[in-house]
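Take a look at the structure set out below.
The values are calculated or read from the model by the stated rules, or taken from the named source; none is laboratory data. Fair warning: this is a prediction, and the values are worked out from it, not measured in the lab. Here the Cβ positions follow ideal geometry from the backbone for every residue, glycine too, while neighbour counts run over all protein chains shown.
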Amino acid sequence: MTIEKFIVSADQMRQIETRIFAAGMPSAALMEKVAGLLARRIQALLKSEGRSPREEEPPKGRSPREQVKSSLLPPRGERRGNREEGFSYLGYESQGKDIVNSQFPVIGVLVGPGHNGGDALVVARELHFQGFSVIIYCPFSKLKELTKSHSDYARSLNIPFFDTIEPLKNCDLLIDGLFGFGLEREIVHPLSTAIDEINKLNKIVFSIDIPSGIHTDTGAVLGTAIRATHTLCLGLWKLAFFQDKALEYIGTSELIDFDIPLADIVAILGDFPAIQRITPASAMQYLPLPRSPIAHKYTNGHLLIIAGSARYSGAAILSALGARASGVGMLSIAVPISMKPMLSSQLPEALVIGCPETSSGAIKDLPLGIDLGVYDAIAAGPGLTLEAAITVESVLESDRPLVLDADGLNILAQLGTVPILSERSALTIITPHPGEFQRLFPELADKMGDRITATQEAAQLTGAVVLLKGARVCICFDDEGDFLEDSYASRTITYLNPESTPALARGGSGDVLTGLLGGLMAGAIARKSCPKSVVETAVWWHARAGMMAAKERTELGVDAFTLTEYLIPALREF
Ligand SMILES: NC(=O)C1=CN([C@@H]2O[C@H](COP(=O)(O)OP(=O)(O)OC[C@H]3O[C@@H](n4cnc5c(N)ncnc54)[C@H](O)[C@@H]3O)[C@@H](O)[C@H]2O)[C@@H](O)CC1
Ligand SMILES: Nc1ncnc2c1ncn2[C@@H]1O[C@H](COP(=O)(O)OP(=O)(O)O)[C@@H](O)[C@H]1O
Ligand SMILES: [K+]
């Protein structure tokens, strides 16, 4: 398992860190190593963002602003800038941020009392030695021992220290090392006010480990938090990076791998961690590729989609196009009978089943005598309206593996989510967005502050696979020996999708996912492989298609139909 697969809570990170220290790694040496990696990465980021270093001498005449800035700096002779390496001066370009176009950019480093502050001080020192102009904002009088020691050394180098935010206004870039995973309580005035003011400066901000003020596990804002443009997560991904509400504070993110021994990770998280990050490699291992040379259509699965109504006719098409991309062997689509010609013209390969319909054009019931047993899986819900209750009830009563979405979920909520799902003998995958989730699980209303825990509890309550949609999709299910040795069985497994695009936040994208997931599931069942594994594949694939479409067409150009057209090209990228 690669380092990118693991996700930890603050407590788990602390336990792993404790093992490393107990094994003999000095805490100061680890900080030195980590902060060295941070300093180098920050330099590389600055370079790659077009703020490339200038090698020539700055002009003699300085602007008033530069004079103000240079007054914050130690005499030039004392700065041992390594200009040959090309990091002495940054040519900033204004990118809508308050960035000055200066040859003397100033980097403001925000230093807290703990080891996050210690990391920041080492970064400050390294950038200072590289020739950057660095100032330090540290409004704390009491620092942890190691942090205090780095603070003393930085002062001895004449790096200027401030306890007010005024000088930060002149900085071109801020590095946030106020708090990391050790933040344990709300940030209060005067620090909270200072952080709010810092955010108003609208600077480029690199946060160390996690934006200060964000709860490492729930992603909640504790009082207030630094809004970073970029966060460098240290060692192992933390849960907050997968909590929707933290994303606006995290900005773009990356992992700084500092060689945590696998044995220490496994000692705390287990061989097969209960929470895993979806990676391209893990998602792609369950793609139905390559096909067996002797495959036939029934070995690739038969999916029945039940979707659509006169009001929401497109939902059936979008789900079907999602399923088409899954390569499912046979696709049947049950729609209100008046929609049959439209579906047949859009999806000539599909078997379209016309269902009796209500006066408003919803599916009243499935056709008499239909045998659900012929389908490997059923995907029901998109665009059905609440009038399709009889149909949803009959698929819930069937012994077929089922993906339930949209109105299928709204009907399930009316029927009673927990009793109905716990009685089902076959696998059920429910794919709610947060609104549907709350209708399904009113008992978890007060848990919604932590999407991951809420989804885990929903899976435990129902025995279903619960896929909570949003910016960072969370998938949870009880493992019943599907993946693990017996000794591990009956844990709740969680998969978190790390990357997506807000381009998907528009009507119909979810319908595409329902069909894609249904198709992959039918295929997996026909091939007798574990249908739960394809859930991460579907979520990852759907997001990749959205990202590829957004990259080519902007975030505005990804309507749900267009999304279906990117499903296959997105795979070709890999
Ligand atoms: N885990 C690891 O393996 C490593 C961790 N390192 C760094 O260490 C950090 C964790 O360090 P710490 O455990 O010292 O914790 P932090 O530096 O995150 O913060 C803890 C300090 O903040 C104070 N504090 C907490 N909440 C506060 C609040 N609301 N208002 C005011 N003060 C508050 C605490 O009393 C304590 O002094 C990581 O985020 C990372 O930056 C790295 O130095 C090296 C490797
Ligand atoms: N901000 C976002 N970033 C990434 N993905 C998103 C975002 N908002 C929504 N999505 C994704 O878009 C899809 C929307 O589905 P859903 O809410 O069911 O809409 P609909 O029913 O209209 O299709 C889900 O897959 C969800 O995860
Ligand atoms: K931080």
Practice task
Return a yes/no flag: does segment 391-414 have any residue that is within 16 Å of ligand 2 (Cβ to nearest atom), over 31 Å from the mean Cα position of the chain (by Cα), surrounded by 21 or more Cβ atoms within 10 Å (Cβ to Cβ) and not β-branched (Val, Ile, Thr).
Solution key: no
Practice task
Could you tell me which residue of segment 143-161 is surrounded by the most Cβ atoms within 10 Å (Cβ to Cβ), considering only residues that are of a type in the set (S, T, N, Q) and under 12 Å from Met31 (Cβ atoms)?
Solution key: Thr147
Exercise for the section: Within segment 185-216, track down each residue that is within 26 Å of Met448 (Cα to Cα), surrounded by fewer than 20 Cβ atoms within 10 Å (Cβ to Cβ) and either touching a Leu at 6+ places or on another chain (Cβ under 9 Å) or touching a residue at least 60 places away in the same chain (Cβ under 8 Å) (or both). Expected result: Arg185, Glu186
Handout entry: Filter result for Val328 (in a loop (DSSP other than H, G, I, E, B) and either farther than 24 Å from Ala526 by Cβ or in contact (Cβ under 8 Å) with a residue 40 or more places away in the chain (or both))
Key = yes
Handout entry: Residue under evaluation Glu254, criteria (1) within 11 Å of ligand 3 (Cβ to nearest atom); (2) assigned to a strand (DSSP E or B), criterion not met
Key = (1)
Handout entry: Verdict on Ala350 being more than 16 Å from Thr431 (Cα to Cα), aliphatic (A, V, I, L, M) and surrounded by 18 or more Cβ atoms within 10 Å (Cβ to Cβ)
Key = yes
Handout entry: Pairs, first within 19 Å of Thr224 (Cβ to Cβ) in segment 168-184, second within 9 Å of ligand 3 (Cβ to nearest atom) and acidic (Asp, Glu), C-beta under 7 Å, six or more apart
Key = Gly177/Asp119; Gly180/Asp209; Phe181/Asp209
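I'm trying to understand the selection: among the residues of segment 352-378, which are in a strand (DSSP E or B) and among the charged types (D, E, K, R)?
Answer for segment 352-378, where residues must be in a strand (DSSP E or B) and among the charged types (D, E, K, R): just Glu357.
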Problem - Single residue of Phe206, Phe241, Phe181 found to be within 11 Å of ligand 3 (Cβ to nearest atom) and farther than 15 Å from Asp11 by Cα - result: Phe206
Fill in the blank from the handout: Expected output for segment 31-53 (first residue closer than 14 Å to Val123 by Cα and more than 16 Å from ligand 2 (Cβ to nearest atom), partner among the aromatic types (Phe, Trp, Tyr) and at pLDDT below 95, Cβ below 7 Å, 6+ apart or cross-chain) is Gln43/Phe87
